[in-house]
Amino acid sequence: MRLSRKAALILRAGVGVGLAFIYVPLLVLALYAFNSSSILKWPPPGLTLDWFGKALEDEFAREAFLTSLKAGAVATAIALALGTLASLAVARHRFFGRETISFLVILPIALPGIVTGVALSNTFTQVLGIDLGFFTVIVGHATFCIVVVYNNTIARLRRLSTSFEEASADLGAHTWQTFRFVTLPNLRSALGAGALLAFGLSFDEIIVTTFTIGAGEETLPIWIFRNLFRPNQLPVVNAVAVLVVLISILPVYLAHRLTREEGGPAAARGGAVEAEATAVP
Amino acid sequence: MGPGLDVDQGLSRRLASFFDGRPRLQVGALLAGPLGWLAIGYLGSLAILLIAAFWSVDPLSGEVVQGFSLENIEVLFDEPVYRSIVGRTVAIAALVTLTDALLAFPIAFYMAKLASRRGKALLLVAVLVPLWSSYLVKVLSWRTMLSSDGVIDWVLQPFGLHGPGYGNVAVWLVMSYLWLPYMVLPIYAGLERIPNSLISASEDLGAAPFTTFRRVILPLSFPAVVAGSIFTFSLTLGDYITPRLVSNNQFIGNVIFNNISNNLPLASALALVPIVVMVAYLLVARKLGAFEHV
């Protein structure tokens with residue numbers, strides 16, 4: 001569209017302000033991770049790498065990191081299975097209540113995390129008599145991760161012409177063969193992206209986790225949260241935080257790469273943005 | 001081919017031929033897992049939460065009594081503390097939503113309609129990365145920036161000013177920061193969907209850029225803004241970590257969390273508030289076309 005010089009300039013300034021707003025806090029935190037003093041006074045008096053060494057040596061932080069990895073892996077596996085099944089049903093079949101499925105899948109992240117957390121914790125402890133622990137964390141995480149996988153696969157399935165699957169059936173392949181040799185290969189990168197994003201979501205989650213985790217366990221966000229209030233641990237927390245950001249950027253970047261080939265920039269979140277109600281966590 | 005594989009293939013073939021031509025059975029098999037998890041497990045938990053709001057706590061033993069009592073609901077309506085907490089939370093959620101809409105629109109508009117292909121991809125990554133990088137880390141960085149020794153006060157001091165410190169303003173700032181990408185993405189998608197020919201037509205018919213914006217672009221992208229607002233609003237309603245880290249004020253989330261271990265029925269009753277507010281919000285959003293649009 002045509003814009004006057006002044007309007008274009010104002011718009012550019014708006015974009016700049018928005019981006020600065022997004023990035024300045026992250027840069028400030030990154031700088032603090034190198035702060036040579038253990039007091040968080042601005043500006044930092046000098047720079048050091050010590051806190052990263054201390055962060056890597058911290059036994060509890062390492063333990064929490066492993067717990068987060070394990071929880072993320074199992075939750076992602078569950079979400080991958082359930083999300084793919086649901087998307088296949090919705091994209092390839094007609095049945096009563098089909099529209100409701102998308103709504104149901106989105107609900108765990110459309111409702112505030114605290115609601116999901118209280119509801120699950122209540123059911124586990126009061127009704128099922130299950131003690132909170134690693135298992136209950138995984139159930140919570142898988143519940144809100146399904147949507148990410150679902151959105152990515154359903155967006156791909158909708159773009160994928162059914163004529164391939166019909167051709168496969170006409171040539172005598174049975175349902176499973178068609179899925180295994182025609183549908184699945186076409187879904188692979190969408191599933192990969194969905195899995196990476198689901199893992200990222202689980203790795204980062206804290207609100208549902210605080211309600212479903214047992215007393216003896218810690219995921220990495222929980223470790224950060226508990227150590228925030230200990231002044232002498234704070235520099236180590238900053239270093240861990242920077243490492244966490246670096247680790248969580250990786251899957252997002254990979255997911256973006258994986259879905260880039262099919263239709264442009266919206267692809268990484270594309271499933272969400274294009275297909276359903278922008279289901280971001 | 002080993003014998004084991006043969007058996008396996010025979011089984012999968014038999015299974016598949018059982019499903020062939022039985023679409024209902026196929027749907028059933030596909031949906032059993034997801035529906036079992038979400039409809040029975042998740043919706044079931046929400047239903048139990050609704051019921052738990054009517055339970056009570058035995059004042060002597062502190063045990064949960066699974067009977068029917070309106071005690072918690074009455075407390076919710078009668079205690080002025082809770083009314084002011086609900087009011088504060090909803091007000092901040094509305095403010096955050098408005099702030100994010102104002103900040104997100106120029107970015108989304110630039111991305112969708114003005115940036116080059118490359119610029120678009122770059123900006124998208126720039127918005128996406130912070131969306132997925134640690135929530136807690138972002139709150140933590142604001143906590144340090146807003147502290148009395150922090151960078152905000154340091155920048156403002158030469159001008160004889162000082163920052164907001166911890167409090168409601170801090171909560172508003174940090175929440176706006178946290179949920180901004182959730183607003184940018186749907187607006188961007190909504191704007192992408194407006195054909196450029198419509199904008200050209202408006203220009204060719206003599207509309208000034210601002211008129212085109214007001215009469216063509218804004219009405220067409222408004223449902224996308226509403227869609228984004230679902231997330232900014234809902235996330236603000238439920239967050240209890242941010243208020244704890246950058247203020248001393250209580251929000252709905254805080255009172256829910258504080259009651260979960262010693263008064264679960266009251267926590268459940270309190271959790272109904274964000275559910276009711278969100279259901280009302282979603283109904284209005286649907287009327288405004290947010291669901292079809294995004």
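Give the order of A:Asp204, B:Asp239 when sorted by the count of other beta carbons within 10 angstrom, beginning with the fewest.
Numbers: A:Asp204 24, B:Asp239 29.
So the ranking, lowest neighbour count to highest, is A:Asp204, B:Asp239.
Remark: the protein assembly as shown carries a charge dipole of roughly 1940 debye about the Cα centre, counting +1 on each Lys and Arg Cβ and -1 on each Asp and Glu Cβ. Working from label points 7 Å from Cα in the Cα-to-Cβ sense, the A:Leu246 to A:Ala77 distance is 2.9 nm. In terms of its alpha-carbon gyration tensor, the stretch A:58-278 comes out prolate; a/c meets the 1.5 threshold, and the first ratio a/b outweighs b/c.
Starting from the Cα gyration tensor of the stretch B:156-244, take the square roots of the eigenvalues, sort them a ≥ b ≥ c, and report rounded, prolate or oblate (rounded when a/c is under 1.5, otherwise prolate if a/b is larger than b/c, else oblate).
Working: a/c = 4.28, a/b = 1.87, b/c = 2.29.
Oblate shape, in that a/c is at least 1.5 and b/c is the bigger or equal ratio.
Mind jotting down the distance between the C-alpha centroids of the stretch B:185-247 and the stretch B:129-147, whole Å? Cα centroid to Cα centroid, the span is 25 Å. In a fully extended conformation the segment linking A:Leu66 and A:Tyr253 would gain 65.1 nm over its present Cα-Cα distance, using 0.36 nm per residue. Summing Lys and Arg as +1 and Asp and Glu as -1 over all other residues whose Cβ lies under 14 Å from the Cβ of A:Asp58 gives a net charge of -1.
Between the beta carbons of B:Leu156 and A:Asn232, assuming R0 = 45 Å, the FRET efficiency works out to 0.95 to the nearest 0.05.
Entry note, chain A: relative contact order of 28 percent, from Cα contacts under 8 Å with a spacing of 6+ residues. So, in Å, what gap is there between the alpha-carbon centers of the stretch A:212-234 and the stretch B:48-72? Cα centroid to Cα centroid, the span is 31 Å. Of the residues B:Val137, B:Val276, A:Val149, B:Val27, the one with the fewest other Cβ atoms within 10 Å heads the list, and the complete ranking is B:Val276, B:Val27, B:Val137, A:Val149.
Please work out whether the stretch B:70-287 counts as rounded, prolate or oblate from its C-alpha gyration tensor, where a ≥ b ≥ c are the square roots of the eigenvalues and a/c under 1.5 means rounded, while otherwise a/b larger than b/c means prolate and anything else oblate? Mind showing how you got there, number by number?
Values: a/c = 2.42, a/b = 1.50, b/c = 1.61.
Verdict is oblate for the stretch B:70-287.
Lysine pair count for the protein assembly as shown (Cα-Cα distance under 29 Å; residues 8 or more apart in sequence or on different chains): 9.
So for the stretch B:207-294, averaging the separation of alpha carbon pairs under 8 Å that are six or more residues apart and normalising by length, what relative contact order in percent results? Value for the stretch B:207-294: 36 percent.
For the stretch A:1-80 versus the stretch A:134-210, the spacing of their alpha-carbon centroids is 29 Å.
Of the chymotrypsin sites (Phe, Trp or Tyr not before Pro) in the stretch B:39-142, the ones in a loop by DSSP (not H, G, I, E or B) with at most 10 other beta carbons within 10 Å are B:Phe68.
The slack between A:Glu166 and A:Ala8, meaning 0.36 nm per residue of separation minus the straight C-alpha distance, is 51.9 nm.
With each run of n ≥ 4 DSSP H residues scored as -39500 (n - 2.57), what mean residue ellipticity at 222 nm is computed for chain A after dividing by its residue count and rounding to the nearest 500 deg cm²/dmol?
Details: 12 runs with 193 residues, N = 281.
Computed mean residue ellipticity for chain A: -23000 deg cm²/dmol.
In the distance distribution for the protein assembly as shown, Cα-Cα pairs more than 30 Å apart total 55 percent.
Quick one: if you stick a label point 7 Å off each Cα along the C-beta vector at B:Leu288 and A:Ala215, how many nm between them? Result: 4.6 nm between the two label points.
Let me spell out the model: positive unit charges on the Cβ of Lys and Arg, negative unit charges on the Cβ of Asp and Glu, origin at the Cα centre of the stretch B:70-287. What dipole size does that give, in debye rounded to 20? All intermediate terms of the calculation are to be shown ahead of the outcome.
Numbers: 14 positive and 11 negative charges, 155 e Å.
Its charge dipole is roughly 740 debye.
Using helices alone, what [θ] at 222 nm do you get for chain B, with -39,500 (n - 2.57) per DSSP H run of 4 or more residues, divided over all residues and rounded to the nearest 500? It comes out at -23000 deg cm²/dmol, rounded to the nearest 500.
Read the figures in this text as sums done on the coordinates, not as results from a lab. Owing to the predicted nature of the structure, the values given are computational and were not obtained by experimental measurement. Please note: Cβ atoms are built from the backbone with ideal geometry, for glycine as well, and neighbour counts cover all protein chains shown.
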